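Single-structure report; data block below.
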Amino acid sequence: MKYHLVTLGCQMNISDSGRVKSYIEKLGYESTDNPHEADLLGVIACSVRQKAIDKVYNLIAVWNRQKAERRNFVTFLTGCILPDDREKFLKSFDMVFDMRDLTNFSKMLSEKIHEGTYYPKLSREDQAYQMDYFWKLEGRQPDKFEAFVPIQNGCDKFCTYCAVPYTRGREVSRSSQEILEEVKCLVDAGFKSITLLGQNVNSYGLDKKGKEITFAQLLELVGEYGDKSNKEFRVYFTSPHPRDMTVDVLEAIAKYKCLGKWIHIPIQSGDTEMLKRMNRKYDIERYRSVIHSIRTILPTATIFTDIIVGFTGETEEEFMNTRRAMKEFKYNMAFIAMYSPRPGAKSSEWVDDVPKDEKSRRYAVLSNDLKEVASQYTAQMVGKEYRLLVNGHDRLNGYLSGLTEGKIAVRFKSDNELLIGNFVNVRIIKSSDFSAEGELV
Ligand code: SF4
């Protein structure tokens, strides 16, 4: 028996798919890249993005045509599925279920039960029970030296533009011992870059107060293991929430070599009124103090962020405050998105009143601001030495590329493929806006 699995979505969906694969294989299925020979065809998707929903509909239309014409197979859909989409998808897929319902997958398969438990009805304790089972499954990694380790699932923040709390449920933290064990196994297996994943990593443990350690203590555990292991690897995390970013988290990063000096801290908007409408639960002063702590405690850290332009009601002045924030905080990278309403999110009930052309203009203006600040950092890299984790071939023939500890991409001349997945030292000889070129030292 064979299965074919398609994964659409973010790092979390990719990480989840590794566990789904190991579960299906335990049932006796073998993976195939060819959907035509599969007995089980599945999609792990994020239905909060219209693009992903369109892809899911295209896929299932093709599969159902084949089913009608040729042969029998079973189709399923899981991942971050909004309640409304779930009903619609049930008309096309044989099974639609929440990821945490994977425990019941073999039962659903044999009894042809078409729907798993509708998880928003579950208590946090029930969710925690199901996630514990899910996290105990073997986590397959999508890469040979870069790995993702889930530390938490769900979100309690309810930002108005986001549907995650409705698709993944409330925050549930994974056992710290289990996380540490998985990190150790990955390091033993030769992984060099490990990212701790969660929707709100720095509120780790708060759902199990008194029974589980805090995020800072978790980083300490990992850092201490790193020091003792005598192996070179880097540990990152994404995404933290500015409200929960505490000094002890930054101090832990500063203390241990294996904890990457790279912070991805979403700002979303530089305007306090806009942050209120987004229900981000911090104001610009709080965010400023977080950046100040990062710069003080981790002076070499690079800082990445996420920004939305053209959110409902965004005035020119509010947008200008985001431009000011970009210039003040001097990000190394910002993932800028033009606002589009997410079905299921609170803001989808509001008028999307910033015209598309204006969103595009703000996107272009802010992207230029980003280039300006990011290039100041890459320019000062010239002449200095950096340690890179080589991650593959560069687009330029005869060059390899890698990432600094702060995740700045650097290419260097070499055709030695054995360097891929290893650390090398380079001296930077020139820079561009977001990346640099170096030579091996
Ligand atoms: S954007 Fe807000 S609601 Fe969505 S996952 Fe992040 S913190 Fe949670």
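Taken together, the values in this text are just the output of simple stated rules run on the coordinates, not laboratory data. Predicted model only: the values in this text are computed from it and were never measured. In this analysis, Cβ positions are derived from the backbone assuming ideal geometry, glycine residues included, and neighbour counts consider all displayed protein chains.
Data table
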{"read-out": "Calculated from backbone phi, Karplus (6.51, -1.76, 1.60) coupling profile of segment 433-441 in Hz, x at Gly/Pro", "value": "4, 10, 9, 8, 10, x, 10, 4, 10"}
{"read-out": "Proximal charge balance of Glu220 [Cβ under 10 Å; K/R count +1, D/E count -1]", "value": "-2"}
{"read-out": "Expected 222 nm ellipticity per residue - DSSP helices of 4 or more, -39500 (n - 2.57), all of the chain, to 500", "value": "-11500 deg cm²/dmol"}
{"read-out": "Length added when fully stretched, Val365-Glu316, from 0.36 nm per residue minus Cα-Cα", "value": "16.4 nm"}
{"read-out": "Computed FRET value (nearest 0.05) for Arg395 with Ser289, which takes r as the C-beta separation and R₀ as 30 Å", "value": "0.15"}
{"read-out": "Shape box of segment 308-438 [Cα atoms, principal axes, largest first, Å]", "value": "55, 30, 22"}
{"read-out": "Amide H contacts under 5 Å for Tyr399, placed H, 5+ residues apart", "value": "Asp394, Ser414"}
{"read-out": "Label-to-label distance, nm, for residues given as Phe335 and Arg71 (7 Å Cα→Cβ offset)", "value": "3.8"}
{"read-out": "In degrees, nearest ten, helix 356-379 long axis to first principal axis of the chain (Cα)", "value": "50"}
{"read-out": "Inter-part distance where segment 311-358 and segment 9-86 are each reduced to a Cα centre, Å", "value": "32"}
{"read-out": "Fewest-first ranking of Thr78, Thr302, Thr272, using other Cβ atoms within 10 Å as the exposure measure", "value": "Thr272, Thr302, Thr78"}
{"read-out": "Once the Cα gyration tensor of segment 158-255 is diagonalised, semi-axes √(5λ) in Å", "value": "25, 15, 13"}
{"read-out": "Relative exposure of Tyr399, Tyr363, judged by other C-beta atoms within 10 Å (fewest first)", "value": "Tyr399, Tyr363"}
{"read-out": "Percentage of interatomic Cα-Cα distances in the chain larger than 39 Å", "value": "24"}
{"read-out": "Intensity falloff of segment 2-122 expressed as log10 I(q)/I(0), Debye formula with alpha-carbon point scatterers, at q = 0.20 Å⁻¹", "value": "-1.19"}
{"read-out": "Antiparallel content of DSSP bridges confined to the chain, in %, to 5", "value": "35"}
{"read-out": "Ranked list, fewest to most other Cβ atoms within 10 Å of each Cβ, for Tyr256, Tyr331, Tyr282", "value": "Tyr256, Tyr282, Tyr331"}
{"read-out": "Rg and Dmax of segment 272-320, Cα atoms only, in Å", "value": "12.9, 37"}
{"read-out": "Evaluated at q = 0.24 Å⁻¹: base-10 log I(q)/I(0), Debye formula over Cα of segment 258-344", "value": "-1.24"}
